[in-house]
Amino acid sequence: MRGSTVCAALLALALVIGTSRSHPLEGNRKSRSEEGTVSYSGYKLFRTDVPLPQLPVVDSLDSSDGVDVWSWRYNDQRLEYELDVLTPPDAEQQVKQVFSDYQLNYQEVIKDLQSAINEELGEDVLLWNRPGHPMTWEKYHSTEDMNQFLDYLEGRYPHLVSLIEIGQSFENRTLRVAKVSTGGENKPAIWIDGGIHSREWVSPATAMFILHRLVEFNWEDHEIINEFDWYILPLANPDGYEYTRHHDRLWRKTRSVNPEMPGCVGVDANRNFGYRWMEGGSSRNPCSDIYAGPTAFSEPETRAIRDFLIENKDQLKVYLSMHAYSQMWMLPWGFSQERPENYKDMYEVALNATSALEESYGTKYRIGSIPELLYVATGGSGDYALGAVGIPYSYSLELRDLGRYGFILPREQIMPTAQETYDGIKAMAKAVFEKLQVSNSTNTGA
């Protein structure tokens, strides 16, 4: 298969896979301690390369016996996917048998997930000489710590930072956007959000680092601060995030309660936006990790983001949502391999960004649409930002790593991940500003 035939086959497979992906009831796939904390003792992460014809077979594991396919990365040279498959102890032989039956080579990436989680948490870091806030990039912090840092920035730098409360989560946690601005009218703006999927801890940590650099080192990058207003929502799903800290490290969704199925909690917030909602790559099963919700915008978190984007749509020129993991800079659309009219412009900006990002630590990112790099996913925030709101540069990032640690990224990698991402975003902002200048000159006939 080549060219359009390959694309058609991939899209068909992606639709089948994305729609079928679901998980059993929480209690069936995890064991709990007496304190109600999920234990992943004995869980292993396997990696395997799967040719396209075998992909639906391996995907079928994802809804059986607690197996969870963490990540899909398409290799367009070999026409196969690299899959990371989290496997509980009682399903290990079944998974290995499938690999054997289909002659799939595999490797054991994580021997014991709970040990990796314990290492990720580590001993608490002693904090010295940090007046006003506890924030570091040497550990993963609580929502309370992040809020203290936001308060500190607003109090210490009132000429640059103002906090905007855009709504409440299901469990009544405040969704707080930090606006970084030097003032002035009619400035274009950049939106960044983190933590929409709660188990992706490096995402909110990176969002907080971006704030730290923009504000506390504002003299270094004064151009991008003068040229843009910045709106940053570090934690788009605070309920889910706190749940991962105290109960289930791999929880992905919000924490809303479904009255019809109270045993299946939460919605995948990144399938809940009202643009091409439920057209593939999402589930109607409330127990699924990719449950799109009973309706579009059923979640207070997604409604709050929607309302803010619409209210500021004339100013916003960039929408950027940070996820983890797989090292990808992804462009719309998620619902189809069809490309938006301005795909070329978005791609050129992404190329600048990933080149700058790579210069920091040599980390390589792939660029492309979501179905090209992963699978079809509808109801995502990036598609909504471009397709419904009209924000011209819309991106979804998958941060480090490529699967060695996956969602359980060691705290030693927080700083390099955050630093390289900031360098990429800085280059993105400069490239967008140049394109806006060209566009304005063309429109005014200069």
Structure-derived P(r) over Cα pairs in 10 Å bins from 0, in percent: which label, when the choices are (1) 4, 22, 33, 27, 11, 3, 0, 0; (2) 4, 19, 29, 26, 13, 5, 3, 1, 0, 0; (3) 4, 20, 28, 22, 14, 8, 3, 1, 0:
(1)
Given R₀ = 51 Å, what would the calculated FRET efficiency be for ASP221 paired with HIS247, taking r from the Cβ atoms and rounding to 0.05?
0.85
Ellipticity estimate at 222 nm from DSSP helix runs (n ≥ 4, -39,500 (n - 2.57)) divided over the chain, nearest 500:
-11000 deg cm²/dmol
Taking the alpha-carbon centroid of each part, what is the distance from the stretch 269-325 to the stretch 135-173 in angstrom?
22 Å
Which of PRO371, PRO88, PRO53 ends up with the largest GNM mean-square fluctuation for the chain, with Cα atoms connected below 10 Å?
PRO53
Round to the nearest 10 and give me the degree value, 0 to 90, for the angle of helix 300-311's Cα axis relative to the longest principal axis of the chain.
30 degrees
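Percent of accessible area on the chain owned by carbon and sulfur, 1.4 Å probe?
It is 47 percent, rounded to a whole number.
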Which three extents, in angstrom, do the Cα atoms of the stretch 171-214 have along their principal axes, listed largest first?
37, 25, 15
Cα gyration tensor shape of the stretch 277-328, rounded if a/c is under 1.5, else prolate or oblate by comparing a/b with b/c:
oblate
So which GluC sites (Glu not before Pro) in the stretch 218-307 are both in a DSSP loop and have at most 10 other Cβ atoms within 10 Å of their Cβ?
GLU260
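Would you mind estimating how fast the stretch 140-271 diffuses translationally, via Stokes-Einstein at 10 °C and 1.306 mPa s with the Kirkwood radius over Cα pairs, in µm²/s?
102 µm²/s
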Have a look at GLY368, GLY36, GLY424 and tell me which one the Gaussian network model of the chain (Cα, springs below 10 Å) gives the largest fluctuation.
GLY36
Mind checking which of SER298, SER321, SER288 has the largest fluctuation in a GNM of the chain, springs on alpha carbons under 10 Å?
SER298
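The values are calculated or read from the model by the stated rules, or taken from the named source; none is laboratory data. For clarity, every value in this text was computed on a predicted model and none was experimentally measured. Every residue, glycine as well, gets a Cβ built from its backbone with ideal geometry; the counts of neighbours run over all protein chains shown. Note: accessible area is taken over every heavy atom of the protein model, side chains too, but ligands, DNA and RNA are not part of it. Shrake-Rupley method; radii C 1.70, N 1.55, O 1.52, S 1.80 Å.
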